[in-house]
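I have placed the structure first, in the form of structure tokens, so that the comments after it can refer back to it.
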Amino acid sequence: QVRLVESGGGLVQAGGSLRLSCAASGRTFSSYAMGWIRQAPGKEREFVAGISWSGGSTTYADSVKGRLTISRDNAKNTVYLQMNSLKPEDTAVYYCVRARGYYYSRLNDYDYWGQGTQVTVSS
């Protein structure tokens, strides 16, 4: 059973920064690509960022490129999302997700989800 637990969300002013963390259970964490997906109030879920199993390759939604950075530490079974230059439109619940296979750039590439952490950016 895979368990993903997010932390680090909160309230921040526009232009500020947050770092989200996701702790994963299980001994196979380093075998899977991971990602972050978000859902804003009244909107559909949106892919944010993905990272390969080794951490050597990443992909981002155009809306966050240059501001958000995904990384991972396989020794700690943890994936991170560094969020800089935050905007009010980044307000959403952020979910840590695990890919089911080789691909990790779309919503449908992921099959395990955490409970989510709220990020609120005030203007």
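Could you look through region 8-38, keep only residues that are among the polar types (S, T, N, Q) and within 19 Å of Ser85 (Cα to Cα), and pick out the one that is most open to solvent (accessible area, probe 1.4 Å)? Out of the qualifying residues, it is Gln13. So the check is Cβ under 7 Å with 6+ separation or different chains; which pairs have a first residue in region 110-121 that's without any contact (Cβ under 8 Å) to a residue 60 or more places away in the chain and among the acidic types (Asp, Glu) and a second one that's open to solvent by 60 Å² or more (accessible area, probe 1.4 Å) and outside any strand (DSSP E or B)? Close Cβ pairs (under 7 Å, with a partner that is open to solvent by 60 Å² or more (accessible area, probe 1.4 Å) and outside any strand (DSSP E or B)) amount to Asp111/Arg100. Within region 55-66, the residues that satisfy the criterion of being farther than 18 Å from Leu18 by Cα, of a type in the set (Ser, Thr, Tyr) and without any contact (Cβ under 8 Å) to a residue 24 or more places away in the chain are Ser57, Thr58. Set side by side, the residues Gly116, Gly50 differ, and just one is open to solvent by less than 30 Å² (accessible area, probe 1.4 Å), under 16 Å from Gly8 (Cα atoms) and of a type outside the set (A, V, I, L, M), which is Gly116. For Tyr103, the test of being surrounded by 18 or more Cβ atoms within 10 Å (Cβ to Cβ), farther than 15 Å from Thr120 by Cα and aromatic (Phe, Trp, Tyr) is failed.
Across region 33-44, the number of residues qualifying as in a strand (DSSP E or B) and either within 14 Å of Ser105 (Cβ to Cβ) or among the acidic types (Asp, Glu) (or both) comes to 4. Of the candidates Ser21, Ser54, Ser30, the single residue that is more than 13 Å from Val97 (Cβ to Cβ) and part of a strand (DSSP E or B) is Ser21.
Filtering region 83-100 to residues that are open to solvent by 50 Å² or more (accessible area, probe 1.4 Å) and polar (S, T, N, Q) leaves Asn84, Ser85.
The values are calculated or read from the model by the stated rules, or taken from the named source; none is laboratory data. Predicted model only: the values in this text are computed from it and were never measured. We place every Cβ from the backbone using ideal geometry, glycine too, and count neighbours over all the protein chains shown. Ligands, DNA and RNA are excluded from the accessible area calculation, which covers all protein heavy atoms including side chains. Shrake-Rupley method; radii C 1.70, N 1.55, O 1.52, S 1.80 Å.
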